[in-house]
Amino acid sequence: QCLLSGSWRSDTGCRMVVSILGKDGRFSGSYLPGPVTGDSEILTSPLEGSQQDAGLVPQPTFSFTVHWQPQVTDQTTVFLGQCYVGTNGEEILHALWLMREAAESPTEDWKATR
């Protein structure tokens, strides 16, 4: 059964920890980006999201938003994905993400989302 509570690690070394998973499917936790280059300090940022009821849907969809710490960046990232249960019973998350930076003006809007 796919329940997001616990610790998850991506292929790139990012780590998500879901500390609270409510009965209504809402969750909160923290997100730690993967290895970075340079001398920048890596800070954990809070996340909030929701998951389909795993009791009704065996491989539920989910979404969450990372509210990056102001010391890290002026960006917000949203993730949208699904939890799958493999043939060996292992839970696997597949997700897409969009990152939005603050734009200085409407003319700069075109380059603010990745």
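The values are calculated or read from the model by the stated rules, or taken from the named source; none is laboratory data. The structure presented is a predicted model; accordingly, all values stated were derived computationally and were not measured. Note: ideal-geometry Cβ built from the backbone for every residue, glycine included; neighbour counts use all protein chains shown. Ligands, DNA and RNA are excluded from the accessible area calculation, which covers all protein heavy atoms including side chains. Shrake-Rupley method; radii C 1.70, N 1.55, O 1.52, S 1.80 Å.
Structural remarks
- Accessible surface for ASP53 stands near 80 Å², nearest 10, in the context of the full protein assembly shown (1.4 Å probe).
- Residues listed by number, the stretch 8-23, amide nitrogen under 11 Å from THR44 label point at 7 Å toward C-beta: 16-19
- Carbon plus sulfur fraction of accessible area for the chain, probe 1.4 Å, in percent: 54
- A simple spin-label model places the labels of THR76 and GLU101 1.8 nm from each other, with each point 7 Å out along Cα-to-Cβ.
- Rolling a 1.4 angstrom probe over the protein heavy atoms with all chains in place gives the chain an accessible area of 67 Å² per residue.
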